[in-house]
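Okay, so here's the structure we're looking at.
The values are calculated or read from the model by the stated rules, or taken from the named source; none is laboratory data. This one's a predicted model, so the numbers in the text were calculated from it and none came from an experiment. FYI the Cβ positions are ideal-geometry reconstructions off the backbone, even for glycines, and counts take in every protein chain you see. Side chains included, ligands, DNA and RNA excluded: accessible areas come from the protein's heavy atoms. Shrake-Rupley method; radii C 1.70, N 1.55, O 1.52, S 1.80 Å.
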Amino acid sequence: MSVSPPRLRPVWGGLSLRSAQGVQERCLAFHSATVGPNHTDTSISKEFARNESAMNPDLRKERDNATFKTDLLTYILDGGAEKTQRRREIESLVISDPDFQHVDLNFLSRSERYAAAVKRSAQMIVKMREHGISDPEEIYCSANLLWRELFPVCYCWSSEKIREHLAKCVSFFQNGLLCSNAFAVHNIAFTVQIWNGREHEALGLHYAMFLPTLQKLGDPAQQEKWIPPAKTFKVLGTYAQTELGHGTHIRALETTATYDPSTQEFVLNSPTVSSIKWWPGGLGKTSNHAIVLAQLYTQGHCHGLHAFIVPIRNMSTHEPLPGVVVGDIGPKFGFDEVDNGYLKLDNVRIPRENMLMKYAKVEPDGTYVKPPSDKLTYGTMVFIRSMIVGESARALAKACTIAIRYSAVRRQSELRPGEPEPQILDYQTQQYKLFPLLATAYAFHFVGQYMSQTYHRITGDIDQGDFSQLPELHALSAGLKAFTTWAASAGIEVCRMACGGHGYSRCSSLPDIYVTFTPTCTYEGENTVMMLQTARYLVKSYTQASAGEQVGGTVSYLSEMSQRRLQPQQVSSRPTVVNISDLSSLVEAYKLRAANLVEAYKLRAAKLVEMAARSLQGELQRRKSKEEAWNGAAIDLVRASDAHCHYVVVKLFTAKLGEVGDTAVHSVLGSLALLYALHGITVHSGDFLQAGLLSVPQVAQASQQVKELLAQIRVNAVALADAFDYRDEMLNSVLGRYDGNVYENMFEWAKKSPLNSEQVHESYHKYLKPLHSKL
């Protein structure tokens, strides 16, 4: 079946958006202003047609042989055809804008990259203002493309010019660009994409954490005071939590905020070297305010961590304020564009009203009013953790797209003597490396959608005063954040190695994807600690279920377990006859097979939670303290959390198939879901065997079925990667080019290296030539 490649469609035809006429007018105005009125649909489609004619023949064959229509799967990933169309429209607008033409990051210094990131941020604000882009989805696409995917030619700007341009943006926004609802959705969308691509926007934490924290923890008066200047970028904020000596263990943070009732001010201090704030993005050079998490002291008592709005730089000169020592922490593994900073506070006074008081309060006389839940202060972290799950899917999807396309182009060695070299994607070992990761990327995408929906549902309940689901949200976001980032980080590295030596080149983009993504295993909660936090919730739920209490949500299976014995599961049951063209037959076939797999994962999770709880009880019976017992059972507890998260992913991936109406798409997604589940069984076979859920022959059968699924997926591998719909400008990868013309473009890329600007480098005359005369 011929597949219509997503990059070859005319991007202006068939506009079908909400408020289509208004959107089209704004988009056409943007298009006309940036690329000229004569740059029409036809010219775009002809350009794409030229790309089609120059496509690598192996990739063209892969796409022609696919058994499903790529666009239909893309619509499912985006949440509908209209959302896909909208995203593509704005991608085309941004990519064609001459102010945002791509420059290769690899040949720029860190200072140049930071300056470019600031300029890009400022330019985008101006663009949206000038062209009236205020719809949340439009902002989402524009910000995504401009702030994380493309790179403008601006590294020659001076710091003075950058400040002037940013001031111009602020003046454009004095009357407000966005309605509150649009801006709220923009914050969410921004966070979803905040770690996307090869670079990062200078105002990232302003959107991702500063504004959401104001919205979630500020009372009405504080929101009225702070959100308008933050929207107009007069206030540029960051979120200062992590310290030099403490990160994930936030209860041990040392920064203090002591209330002085005589002046109705808080006095903030960094009492030790280890209490210096360390790592916040945008703190080093960009922000003029920070939300600082500090231990609250009033009337002689410490009331734990609370959030405070702290001015750190002069609003006019941008110089640090008295008592504030602030700067950049230096080069890192990645994130070269981001000015991660340090912050030391010495008797910095702020008004009482600068403590965020939607829930907890300090009265003028110093009386402390407790919040309904002590976890509310950590709401922003839970928000970010929920969004990181979706980012795990995007990062892994990019890596898989690059590795699979390159594996279809690369020919190496021989399978049969005397025959042409095969595509390396034909080797079963290559398929075993990449296809389970491809399935994982799809699984995580659907889990990311679920987490976003769950977060907004539960926070909506919280806004109505219902805090009952907060523990579930906290545990689920912590566990899935750890589970998905561990898997994606390891998977990206597998994709890099699957590309051989060329994967090590930065032209592949794989090293950049890895160094950009792998910090997610640490920030917003180190993964092992996150798993242990989830385990604490699981053990508590297990104890409640064992006592006859009903537990719900994702741990409802613990109540089921207490009511029946575990039974061995079948992993291979399937109907005798399946009509591939009949959706109902296909769905039933999958249900019979998948139901047993989901059940096996559920029972594995239940068994491991039970084992962890018993391990913990055993440690306690040896007269150990609770803390020592917890540490003594920590390995079992992490295994239990991992099993719980794995079950949730398998369950959600399976459930998603019930929403798919196209039989061809259902079939290929079903194969991916089965591969994900069966591959997990082979990797964790010891758990299933130990729990008595599967027999040794069944595990062997699962391994055989994984091989069969690899062969089934092989014909659709490139099309499945294409369905993620990443344009070349977003992948920034020579190896992952849509047209597959890898080698010629790799050679052209290498010639651009600054080292090739002159044939004889100055070091030859300075050092090597004199050396010759001395020897």
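Some notes on this structure:
- Failed condition for Leu693, given (1) open to solvent by 20 Å² or more (accessible area, probe 1.4 Å); (2) modelled with pLDDT under 95; (3) over 30 Å from Asp71 (Cα atoms): (1)
- Residue check for Met355: out of contact with any helix residue (DSSP H, G or I) (no Cβ under 7 Å at 6 or more places or on another chain) and open to solvent by less than 10 Å² (accessible area, probe 1.4 Å): yes
- Qualifying residues in the stretch 243-284 (those that are β-branched (Val, Ile, Thr) and in contact (Cβ under 8 Å) with a residue 40 or more places away in the chain) - the one surrounded by the fewest Cβ atoms within 10 Å (Cβ to Cβ): Thr263
- Residues that are basic (Lys, Arg) number at least 3 in the following helices (runs of 4 or more DSSP H) confined to the stretch 619-737: 634-656.
- For the stretch 470-502, filtering for residues that are surrounded by fewer than 21 Cβ atoms within 10 Å (Cβ to Cβ) and either on the phi > 0 side of the Ramachandran plot or over 18 Å from the mean Cα position of the chain (by Cα) (or both) leaves 8.
- Being under 12 Å from Arg394 (Cα atoms), out of contact with any Pro (no Cβ under 6 Å at 6 or more places or on another chain) and open to solvent by 10 Å² or more (accessible area, probe 1.4 Å) is a property that His456 lacks.
- Any hit, the stretch 407-420, residues being farther than 21 Å from Val734 by Cα, acidic (Asp, Glu) and either in contact with a Cys (Cβ under 6 Å, 6 or more places away or on another chain) or in a helix (DSSP H, G or I) (or both): no
- In the set (1) open to solvent by less than 40 Å² (accessible area, probe 1.4 Å); (2) at positive phi; (3) at pLDDT below 95, the condition left unmet by Gly553 is number (1).
- Yes/no for Leu597 being crowded, with 22+ Cβ neighbours inside 10 Å, modelled with pLDDT under 90 and touching a helix residue (DSSP H, G or I) at 6+ places or on another chain (Cβ under 8 Å): yes
- When residues of the stretch 512-521 are limited to those that are in contact with a Ser or Thr (Cβ under 8 Å, 6 or more places away or on another chain) and surrounded by fewer than 23 Cβ atoms within 10 Å (Cβ to Cβ), the one nearest to His249 (Cα to Cα): Cys521
- Residue pairs meeting the criteria (Cβ under 6 Å; at least 6 apart or on separate chains; first over 11 Å from Val292 (Cβ atoms) and touching a residue at least 24 places away in the same chain (Cβ under 8 Å), in the stretch 303-323; second open to solvent by 30 Å² or more (accessible area, probe 1.4 Å) and not in a strand (DSSP E or B)): Gly323/Asp346; Gly323/Asn347
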